[in-house]
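One structure below.
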Amino acid sequence: MARGTIEVYPNLEFATINPNLFGHFAEHLGECIYGGIWVGPDSPIPNTDGIRNDIIGLLRAMKAPVIRWPGGCFADDYHWTDGIGPREGRPRRINIHWGEVIETNHFGTHEFLRLCELVGAEPYICGNVGSGSPRELRDWVEYVNFPGDSTLALQRGANGHGAPFNVRCWGVGNENWGCGGHFGPEDYAKEYKRFASFLRGFGQPLDLIACGPAGNDTGWTRRFLTELGGYRHLHGFAAHYYCGTAGASTQYTESQWYQLLEQAIRMERLVTQQRAILDGFDPDRRIALIVDEWGSWHPAEAGRNPAFLWQQNTIRDGLVAALTLDIFCRQADKVQMGNIAQTFNVLQAMALTEGDQMVVTPTGHVFAMYAPHQRGRAVTLRVETDAVGPEPHRLPRLSGSASVNGRKLFVTLVNADAGEPAEAKIKLVGGAQAQGGTLTLLAGESIRAYNTFEQPAAVAPVTAPLRAGWDRFTVTLPPASVAALAIELA
Ligand code: AHR
């Protein structure tokens, strides 16, 4: 059996893990909102104010910290006034980016903020720069946040919410280098300043988030920041990184297994290189590095509308999620928010729904397993391991991250080997001693295993007591698996 050593340093804390690293993204795209989240109050599907009860329960269970909405590309063609007031009177628009289907606007600002309230997640609203105006975005912030009796605040009250919503996070455009207007970095920086100049929190501190690069495009970042100059009404800078596919969602070879995982771990280089550039302009790190869209993106599935981006989700996607979340935790001093694309029925989803059924994907299980990292103090973890996979897609066999929360040590690990189990010898360095805990494992029967409505637990976490005594112990990870160790420190 393959072996590796994991040294954990519970005393070497280097950052608090921002819960928003485990965030989500929900766009008006395919069946993410309509069907996945929103069924309407009159639906026979159990719901609270029109929002499915099963997805509320799932997002609560995984402690979803933040949800970004309404897009995506959709955001830069969205006019928020379409989505307020009595639903039957809302305009029917065309969703130009995603299949030119009718957008009923039944899910608008109040419905989204109700979802966040029910789930206990922070809302992150992405504004329209591409086809909107500074005035339109400024008015949206006023409508949502103004505590006084302006016309817009009174309109909010007439629509059922007298108290301000106090939304902190606002995106100033989405992918403005692409679907958000095809700007160059200098032109977008000028637009950013024009829009941000008119944005006020009205008593609520605002976090304004600028559109960052496509992948690790360092040129975009340098040129945007250069043009931004000394302007500092900016609190976040958001990259998008999709690791793409290799093969298809459920059909891939062993070599394509490694190819996708290796593409996923390029996130680490993105985070360190983008932060290094930001540091040159912002040495005190007042501007947070964010990755507000990430995940795998497989070819359209046969029989599905290709514009709806529906895809199955196997244990391979589960490992993409685990590797990425471990990178975020290891780089918790450099990255402050991550939003996987997308919550339900689109791309790397937490769950798939059909009618009243819902099935949790391997990715959804990974998010629940990793939740204890939220708000922990990230601590140093050193791995001695060999590499697996064919050139040029080699990656470490074992990798992971660790955090402490009081007397609890939480370690997550991935065994990337498609065929071999791995014995991981865990060493607690610096005098810490374990006195038991639990070990949760996620694996499938094969590297192509996934959950369906008929077989919802083909890939499901299994928890057992952890035989962890003193400062060293061994755990065995099945091939192609994710492990979460919740360790009680003496
Ligand atoms: O997540 C799907 C799409 O991917 C988003 O709308 C866009 O921002 C990105 O290109």
Q.
Give me the one-decimal nm value for the distance between modelled label points at H233 and T151, 7 Å along each residue's Cα-to-Cβ direction.
A. 2.2 nm
Q: Could you tell me the distance between the Cα centroids of the stretch 134-202 and the stretch 69-84, to the nearest Å?
A: 11 Å
Q. So which of K334/K408; K63/K190; K334/K425 end up more than 27 Å apart, counting from Cα to Cα?
A. K63/K190; K334/K425
Q. How many percent of the accessible area of the stretch 110-255 is carbon or sulfur, using a 1.4 Å probe?
A. 51 percent
Q) If you stretched the chain out fully between D279 and Q455, how much longer would it get, using 0.36 nm times the residue separation minus the C-alpha to C-alpha distance? A) 58.6 nm
Q.
From the phi angles alone, apply the Karplus equation (6.51, -1.76, 1.60; θ = phi - 60°) to the stretch 477-488 and give each ³J(HN,Hα) in whole Hz, x where the residue is Gly or Pro.
A. 9, x, x, 6, 9, 10, 10, 10, 10, 9, 10, 8
Q) Is the stretch 18-373 rounded, prolate or oblate when judged by the Cα gyration tensor, a ≥ b ≥ c being the square roots of its eigenvalues, rounded requiring a/c under 1.5 and prolate requiring a/b larger than b/c? A) oblate
(Q) Using the basic label-point model (7 angstrom from Cα toward the beta carbon), what is the R394 to N166 distance in nanometres? (A) 5.3 nm
Q: Per residue of the stretch 113-119, in order, report the coupling 6.51 cos²θ - 1.76 cosθ + 1.60 (Karplus, θ = phi - 60°) as ³J(HN,Hα) in whole Hz, putting x for Gly and Pro.
A: 6, 5, 4, 4, 4, 5, 8
**Q.** Distance between the stretch 325-389 and the stretch 99-125 - C-alpha centres, whole angstrom
**A.** 22 Å
Q) Amide H of L29: which non-local residues (sequence gap of 5 or more, or other chain) have their own amide H closer than 5 Å, using H built in the peptide plane? A) Y34
Q. If r is the Cβ-Cβ distance from E254 to W297 and R0 is 22 Å, what FRET efficiency results, to the nearest 0.05?
A. 0.60
Q) So what J values fall out for the stretch 336-345 if you push phi through Karplus, 6.51 cos²θ - 1.76 cosθ + 1.60 with θ = phi - 60°, rounded to Hz, Gly and Pro as x? A) 10, 8, x, 9, 6, 9, 9, 3, 9, 6
Q. What residues have an amide H closer than 5 Å to that of D207, excluding those fewer than 5 places away on the same chain, when H is modeled at 1.01 Å from N in the peptide plane?
A. C169, W170
Q) Based on the Cβ-Cβ distance of S197 and E13, what FRET efficiency does E = 1/(1 + (r/R0)^6) give at R0 = 60 Å, to the nearest 0.05? A) 0.95
(Q) Can you give me the accessible area per residue for the chain, using a 1.4 Å probe, in Å²? (A) 37 Å²
**Q.** Amide hydrogen neighbours beyond the local backbone of F183, cut-off 5 Å, H modeled
**A.** W177, G178
Q: Once every Cα of the stretch 364-490 carries one equal point scatterer and solvent is ignored, give the base-10 log of I(q)/I(0) from the Debye formula at q = 0.14, 0.15 Å⁻¹, two decimals.
A: -0.64, -0.73
Q. Where nothing but the Cβ of Lys and Arg (+1) and of Asp and Glu (-1) is charged, how large is the charge dipole of the stretch 1-59 around its Cα centre, in debye to the nearest 20?
A. 200 debye
Q. Taking only C-alpha pairs under 8 Å that are 6+ residues apart, what is the relative contact order of the chain in percent?
A. 19 percent
Q: Have a look at the DSSP beta bridges in the stretch 1-132 and tell me what percent are antiparallel, nearest 5.
A: 45 percent
Q) What ranking, highest mean first, results for peptides 298-304, 326-332, 210-216, 353-359 when packing means the other Cβ atoms within 10 Å averaged over each residue? A) 326-332, 210-216, 353-359, 298-304
Q) Just for the chain, what percent of DSSP beta bridges are antiparallel, to the closest 5? A) 60 percent
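The values are calculated or read from the model by the stated rules, or taken from the named source; none is laboratory data. Not measured: the values here are computed from a predicted model. All Cβ positions, glycine included, derive from the backbone under ideal geometry; neighbour counts span all protein chains shown. Ligands, DNA and RNA are stripped out before the accessible areas are found, and what is left, the full protein with its side chains, is counted by its heavy atoms. Shrake-Rupley method; radii C 1.70, N 1.55, O 1.52, S 1.80 Å.
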